[in-house]
Amino acid sequence: MKTVWIYVDTKKQVGDRDHLKVFANSDLADEWFVVNDPEGVVFEYEVIGVAEDETGSGRQPHR
């Protein structure tokens, strides 16, 4: 199961490019929070329909 970590900035309006931040793992989220929002929280969310590439990284080519 592939998951991402999502941060919602409630001070921003829905649709604002900074309203959501999506992190590939909790370590990246933690690093961002130290600098940008030490009191913030994220939640884990399952990615639906992840396709594996040759490396198994789950990244999909741009179309």
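With θ set to phi - 60°, apply the Karplus curve 6.51 cos²θ - 1.76 cosθ + 1.60 along segment 27-39 and write out the HN-Hα couplings as whole Hz, x wherever there is a Gly or Pro.
Values per residue, Gly and Pro as x: 5, 5, 4, 4, 4, 5, 5, 3, 8, 9, 7, x, 9 Hz.
On a full-extension model of 0.36 nm per residue, what is the gain between Leu20 and Phe43, subtracting their alpha-carbon distance, rounded to one decimal in nm?
Details: separation 23, 0.36 × 23 = 8.28 nm, distance 1.15 nm.
So the extension gain works out to 7.1 nm.
At q = 0.20, 0.24, 0.31 Å⁻¹, what log₁₀ I(q)/I(0) does segment 3-46 have when each alpha carbon counts as one equal point scatterer in the Debye sum?
Those come out to -0.59, -0.83, -1.16, one per q.
Any read-out appearing in this document is the output of simple, stated calculations on the displayed coordinates, not a laboratory observation. Quantities reported herein were computed from a predicted structural model and do not represent experimental measurements.
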